[in-house]
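The numbers here are math on the coordinates, done by the rules we state, and not lab data. As the structure is a prediction and not an experimental result, all values here were calculated from the model. All Cβ positions, even for glycine, are placed from backbone atoms using ideal geometry, and neighbour counts span all protein chains on display.
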Amino acid sequence: MSHSSVRRPFIAGNWKMHGSVASNAALLAALKAGLAGNAAEVAVFAPYPYLDQVARLAADSRLVWGAQDVSRHDMGAYTGEVSAAMLRDFGCRYALVGHSERRGLHGESDALVAEKFSALAAVGIVPALCLGETLAERQAGETLSVVFRQLDAVLASHVPALLAYEPVWAIGTGLTASPEEAQAVHLALRAHVAKQDAAAAIGLRIVYGGSVKAGNAAALFAMPDIDGALVGGAALNADEFLAICRATNV
Ligand code: 13P
């Protein structure tokens, strides 16, 4: 059986800290118009202030959407934080946790990422757990030990359904892991989850992120353990993002 018949491709745009009411509306309208007939599940991860706008504009479409982060706390005096229950309150189904920009720029530890994962899972939001090594770690031959360490922090309490492998050196740099390099890590991640839950590992969607573009997407998606993409820069352009979505139809 090919991987596409076991796992529905997941293509997600991580908008990061980009967007405006006007540009979001235009982008979503173009995506809705362009997605007809596409087999992938297509998601956008929008900044908090725009989630309600995205929810409303996506409501009559097959676009799904999510948040880019969440608080580890349930409620209370945590100025600036957003809880999983708040996200759930207006229909959020997915959220990123452990993006390298949160780990690297905001000092998020594996333990904190695992707490955020648990907070999301507790309210029924699917966490998209982001993993990936830095260039120095790859050059030191530590890629698998790093991503296993990041995964193990969550596996201690939950079996994830959605992983995003994003080598830090490939994010926003124009450098993409080759399909073979990415496939090797995805295969290793799936095998690692299989040791804990073999059935879950077969259904586990592992998407790749890091300079995915229309021009390199199809070669990545042809790999048996690459189940889609988490797209940054190219997700802000409707034509480019739609072309990436169409690249799953191979
Ligand atoms: P780029 O596609 O801009 O490299 O970003 C990848 C990413 O970080 C998605 O979460």
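Below is a table of values for the structure above.
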| item | result |
| --- | --- |
| Computed lengthening from residue 123 to residue 20, 0.36 nm per intervening residue step minus Cα-Cα distance | 34.2 nm |
| Computed FRET value (nearest 0.05) for residue 36 with residue 191, which takes r as the C-beta separation and R₀ as 35 Å | 0.45 |
| Cα shape, the chain, gyration tensor, a/c 1.5 rule | rounded |
| Lysine pairs meeting the criterion (Cα under 29 Å, 8 or more apart or interchain), as found in the chain | 5 |
| Computed helical MRE - 222 nm, the chain, DSSP H runs ≥ 4 contributing -39500 (n - 2.57), nearest 500 | -12500 deg cm²/dmol |
| Zone residues, the stretch 23-39, relative to residue 59, backbone N less than 20 Å from point 7 Å out along Cα-to-Cβ | 23-33 |
| Taking the chain and dividing mean pair separation by its residue count, relative contact order in percent (alpha carbons under 8 Å, at least six apart) | 22 percent |
| Reduced Cα scattering model of the stretch 61-157, Debye log10 I(q)/I(0), q = 0.10, 0.13, 0.22 Å⁻¹ | -0.29, -0.47, -1.10 |
| Neighbour-count ranking [beta-carbon atoms within 10 angstrom, fewest first] of 246, 205 | 246, 205 |
| Least to most buried among 82, 6 (fewest other Cβ within 10 Å first) | 6, 82 |
| Loop-resident sites, the stretch 51-158, for chymotrypsin sites (Phe, Trp or Tyr not before Pro), counting at most 16 other Cβ within 10 Å (DSSP) | 78, 90 |
| Cα centroid of the stretch 95-131 to Cα centroid of the stretch 140-219, whole Å | 15 Å |
| Farthest positive-ward along the chain dipole, Cα basis, beta-carbon charges - from 128, 156, 92 | 92 |
| Formal net charge of residues neighbouring residue 42 (Cβ-Cβ distance under 12 Å; K, R +1; D, E -1) | +3 |
| Average Cα contact separation per residue, the stretch 50-124, under 8 Å, 6 or more apart, as relative contact order % | 34 percent |
| Assigned charges on the beta-carbon of Lys, Arg, Asp, Glu; the chain dipole about Cα centre (debye) | 480 debye |
| FRET efficiency, residue 198 to residue 81 (Cβ-Cβ, R0 41 Å, nearest 0.05) | 0.65 |
| FRET efficiency, 1/(1 + (r/R0)^6) with R0 30 Å, evaluated for residue 181 and residue 106 via beta carbons | 0.65 |
| Tensor-based shape of the stretch 1-140 (alpha-carbon gyration tensor, a/c under 1.5 rounded, otherwise prolate or oblate) | oblate |
| Binned Cα-Cα distance frequencies in the stretch 87-129 - 10 Å width, integer % | 31, 50, 19 |
| Only Lys, Arg (+1) and Asp, Glu (-1) charged, at Cβ; the stretch 172-250 dipole about Cα centre in debye | 100 debye |
